[in-house]
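The values are calculated or read from the model by the stated rules, or taken from the named source; none is laboratory data. Owing to the predicted nature of the structure, the values given are computational and were not obtained by experimental measurement. Here the Cβ positions follow ideal geometry from the backbone for every residue, glycine too, while neighbour counts run over all protein chains shown.
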Amino acid sequence: MMTGREQASLIAVLSAMALVVLDAGLLTVALPSLARSMAVSPSAAVLAVSAYQVALVIGLLPSAHLAERLGYRALFVGGVALFSLASILCAAAPSLELLVAARVLQGLGGAAIMALGIALLRIALGPARLGAAIAWNAMNVALCAAAAPVLGAFILSVAPWPWLFLAKLPLAALALAASRALPRVAPTRRSVDLPGILLHASAAALALAAATTLPAQPFPAGLLAGLAALAATLLIKRERSRPEPIWPLDLLALRPFRVATAASICCFAGQSAGLLGLAFHLQTSAGHGPLMAGVVLACWPLAVAATAPVADRLARQFGSAALCSAGAGLLGAGLLLCALWPATAQAAPLALGAIMAGFGFGLFQVPNNRTLFLAASPERSATAGGLQGSARLLGQTLGSVLIGLLFSCIATPIAARMGLAVAALFAIIAAGVSALALPIRARDGAGRSGPEGELS
């Protein structure tokens, strides 16, 4: 039974996480209205989404680095406050340029929330309930992802697009009020590594620019990728001797952490490519309209939300590595069903594939994230959270870039099917990577092999 302070801590983190997830879905629905209102092209309006994503990727690991020096709660509250202020600036933006600048601020605030949310729950609820906390967060994220397009469409039916940003402010106020219950974590006395942060930002921004330009402009993308690799090399050389590097080389040296991170990247690549491929497959090969496509796609996050609460209990019974491998395998099976099923007017088989994929992803995500966090020491929880978020975004970017490449080279109906097959391959690779950790089992409960269980 949770105490009142623990319940308030959970509310603070889940409501803040909901802010970040709802934001992406709400604005995606509004892009056509936004483009018309600001008299810009649809491709220009997409900058309002991509600027947020770039800032999120850039800000995750530096947020963790700053939190270990300034305090977890202080930076988390600062992230929620920055996100809220930026939302007001977005709603008031008179031009696309100012909107994009405000979205960058939103992304930096969202990065602090994503990097520190689970780390704070690990401290507030204790190691024995870490898996349950991750499950609650996974269910929260999945439900928000499913609800965001519907909520966005409803808001746009009664109000102009700026209200998409203002409508989330009560949720932000709840997160700020409940955050008073979050535990205080004493910061370290080490100084902030500003050169390291700048190198990280350069490497991340150049890599994302290379990924987004690759389908249309391969040669410039290659140059950007080379510059990103140079910045990454300089950062690794600089950070190798530091006790708490921005890029957590110390954590990646741990086999459980390394395996969980690699599996997460592969699984999120499969999820991203699968959702994009299925969206096009439904409307091109299968001939369904946007409404039916939306219903089928909504089955995926709803299945994740239904699975997340039981995933932690199943991991305790069968072992985290076994459940991760089985979940990723089920994700791959669902994607293969969608890819191989003959194109017909019936949406039920594709909905079944989406449900299988959602169940599989839910079974994978909770135990994999729990393994990742328990592999890190408590004082490195923020960095573990930053890398977990970075792995998620890296996988999603990889999946979307591969789908873009397929669509640029092959006819859309064939590319959609191939995209689903590629997504299934990533899921199967994730299952294989997780299987490498089958001898590594997280023994639940405090006091068995140290304060947070053992990863051997």
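For region 346-358, a tally of residues being at pLDDT below 90 and of a type outside the set (A, V, I, L, M, F, W, C) returns 2.
Taking (1) modelled with pLDDT of 90 or more; (2) within 20 Å of residue 255 (Cβ to Cβ); (3) crowded, with 19+ Cβ neighbours inside 10 Å; (4) not charged (D, E, K, R) in turn, residue 442 satisfies each apart from (1).
Yes or no, residue by residue, for (1) surrounded by fewer than 24 Cβ atoms within 10 Å (Cβ to Cβ); (2) closer than 21 Å to residue 24 by Cα; (3) acidic (Asp, Glu); (4) in contact (Cβ under 8 Å) with a residue 60 or more places away in the chain:
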{"site": "369", "(1), (2), (3), (4)": "no, no, no, yes"}
{"site": "377", "(1), (2), (3), (4)": "yes, no, no, no"}
{"site": "384", "(1), (2), (3), (4)": "no, no, no, yes"}
{"site": "390", "(1), (2), (3), (4)": "no, yes, no, yes"}
{"site": "396", "(1), (2), (3), (4)": "yes, yes, no, yes"}
{"site": "404", "(1), (2), (3), (4)": "yes, yes, no, yes"}
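In this structure, residue 294 does not qualify as within 17 Å of residue 423 (Cβ to Cβ), in the same structural domain as residue 414 (by TED's automatic domain parsing) and either in contact with a Cys (Cβ under 8 Å, 6 or more places away or on another chain) or touching a residue at least 24 places away in the same chain (Cβ under 8 Å) (or both). When we screen 309, 301, 256, 245 for residues that are of a type outside the set (Asp, Glu) and either assigned by TED's automatic domain parsing to the domain that holds residue 52 or not in a helix (DSSP H, G or I) (or both), the only hit is 245. Here the condition is being in the same structural domain as residue 86 (by TED's automatic domain parsing), under 26 Å from residue 205 (Cα atoms), under 24 Å from the mean Cα position of the chain (by Cα) and not β-branched (Val, Ile, Thr); of 14, 27, 34, it holds for 27 alone.
When 361, 280, 268 are checked against the criterion of being out of contact with any Pro (no Cβ under 7 Å at 6 or more places or on another chain) and at pLDDT below 90, a single residue qualifies: 280. Checking each residue in region 234-284 for being surrounded by fewer than 19 Cβ atoms within 10 Å (Cβ to Cβ) and polar (S, T, N, Q) picks out 241, 283, 284.
When each of 201, 207 is tested for being among the hydrophobic types (A, V, I, L, M, F, W, C), free of Cβ contacts under 8 Å to residues at least 60 places away in the same chain and either in contact with a helix residue (DSSP H, G or I) (Cβ under 7 Å, 6 or more places away or on another chain) or at positive phi (or both), the lone residue that passes is 207.
Residue by residue, here is whether (1) crowded, with 19+ Cβ neighbours inside 10 Å; (2) touching an Asp or Glu at 6+ places or on another chain (Cβ under 9 Å); (3) in the same structural domain as residue 123 (by TED's automatic domain parsing); (4) in a helix (DSSP H, G or I) holds:
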| residue | (1), (2), (3), (4) |
| --- | --- |
| 54 | yes, no, yes, yes |
| 68 | yes, yes, yes, yes |
| 74 | no, no, yes, yes |
| 81 | no, no, yes, yes |
| 87 | yes, yes, yes, yes |
